[in-house]
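Inspection log for the structure reproduced underneath, given as structure tokens.
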Amino acid sequence: MATILIVDDDAALRDGLAETVTDLGHQAVTAASGREAIGLMSARTDAVLLDLRMPGIDGIETLRRIRADDDAPPVIVLTAYASPENTIEAMRLGAFDHLVKPIGREALRELLARLPPRRSGQHDDGSAAASGLIGTSEAMRRVQKTIGLAADSDTTVLIRGETGTGKELVARALHVHSRRSASPFIAVNCAAIPQDLLESELFGHVKGSFTGATSDRAGAFRDAGPGTLFLDEIGDMPLAMQAKILRALQERIITPVGGKPVKVAARVVAATHRDLARLVAGGEFREDLYYRLNVIPIELPPLRERTEDILPLANHFLALASDGRPRPRLSEAAAARLQHGPWPGNVRELRNVIERACVLTRGSVIDADDIHITEASLDAETPATDLPAAVARLEERMIRRALGTCNGNRTEAARQLNINRQLLYTKMQRYGLLDDEASGNLTRTVGKDDA
């Protein structure tokens, strides 16, 4: 039997959790505030269920004070208002998990069953800036939790995701939520720099070391100081350069062109849209560098796999594009069109679409006709490995497009696609489209659906 401290200013939620904890065979202790919880902490407390939003000492400050104890129990943060910032900050401060209310009985049973024994925790009193990451889907919350857990580590991180998913935003979040946040964040796009200049860009050079070297240059590794060096599109780095990067990571030493070895202190975060494991198998990427980079992997999902984040992102971009002016709102039809878009360009494409609509719309409402989504070809996406996969991808896109055009009306979408409604339903089920809220709209006309 474990002793669980439940901290929540809502008496009904607090008592409900206590009753469930007791029914599961544990002892429940309750506190109505962060201050009261800190006073109730003892060596017998095995875990803490902590509300985030409370008057006085809020959940984050309570978590910080609890984790300041070297023998602090595991703390699970519960909130009805999850955001990227509070998820990352809670995990960075040592929370065992960060969950969205309400939590069911079986989920609570599983959570308590996997609690670790009490152990020492890391503490940092510094506050972190907003990460800029938008999204509360389960996939993005996993990313945010990993950022929080990895932020204060010196370990190399490898971020992988399609073009436009926000890999640099993740790298910046790792930096601003870390103890290195007061030091520089330096980003280098390895694919955008000619091969003969990449070494100088990263490691620097001394004056006269080659034609055009008219002065000394520190290079990105030294420019970052004790901060963060972000190597974007590292999968496009030439093999010869990969060997030098490996040495820099292993020995924390670089050699400027024409100069002598110098020590560096920057943490390296790398990113790529390419499959590095496949490049390793093909001899296009060093295996030893791959394993040295892939210590903490972060996989960014494409936008089409987290459709619940599309509207929050769209509203965020609307606010940015409005630049202080009264911003237009999205109509239901416009929202449905956005949610059913294929988005091969991911978040970057969504931002461009919203900015275009904001500029070209003079009214107070952005309608579906104002949303111009470029119909990208199949080649614009990651190539399928075989013909059936390519056909399935095209089929899914056509269904999404038809549903968007018909504002989610399945009967009308089936007519556009020249298939019967039952077949459309089956294919929507296959491609995971039945969960889209707009796809369940009632039909506006009645007829023989399967004719």
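The values are calculated or read from the model by the stated rules, or taken from the named source; none is laboratory data. Just so it is clear, the structure is predicted and the values come from calculations on it, not from any experiment. Cβ coordinates were reconstructed from backbone atoms using ideal geometry, including for glycine residues, and neighbour counts include every protein chain displayed.
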Problem set entry | Answer residue from region 270-293, given it is touching a Leu at 6+ places or on another chain (Cβ under 6 Å) and outside any helix (DSSP H, G or I) and is nearest to Thr163 (Cα to Cα) among those | Ala270
Exercise. Of the residues Arg64, Arg14, Arg44, Arg35, which is charged (D, E, K, R) and in contact (Cβ under 8 Å) with a residue 60 or more places away in the chain?
Worked result: Arg64
Problem set entry | strands (runs of 3 or more DSSP E) within region 40-123 that include 1 or more residues acidic (Asp, Glu) and surrounded by 15 or more Cβ atoms within 10 Å (Cβ to Cβ) | 47-51, 97-100
For this session: Looking at (1) in contact (Cβ under 8 Å) with a residue 12 or more places away in the chain; (2) among the hydrophobic types (A, V, I, L, M, F, W, C); (3) surrounded by 15 or more Cβ atoms within 10 Å (Cβ to Cβ), find the lone condition where Phe210 falls short.
Result: (3)
Exercise. Going by the conditions given, is Ile60 at pLDDT 90 or above and either within 22 Å of Ala113 (Cα to Cα) or not assigned by TED's automatic domain parsing to the domain that holds Gly148 (or both)?
Worked result: yes
Seminar exercise, completed: Condition set small (Gly, Ala, Ser) and at pLDDT 85 or above, scope region 388-437, selection nearest to Leu303 (Cα to Cα): answer is Ala413
Exercise. How many residues, within region 165-196, are in contact with a strand residue (DSSP E or B) (Cβ under 7 Å, 6 or more places away or on another chain), of a type outside the set (D, E, K, R) and farther than 14 Å from Ile298 by Cα?
Worked result: 7
Problem set entry | Filtered residues of region 70-115 (kept if hydroxyl-bearing (Ser, Thr, Tyr) and touching an Asp or Glu at 6+ places or on another chain (Cβ under 9 Å)) | Thr79
For this session: Could you list, in sequence order, all residues of region 124-155 that are assigned to a loop (DSSP other than H, G, I, E, B), of a type in the set (S, T, N, Q) and modelled with pLDDT of 85 or more?
Result: Ser137, Ser153, Thr155
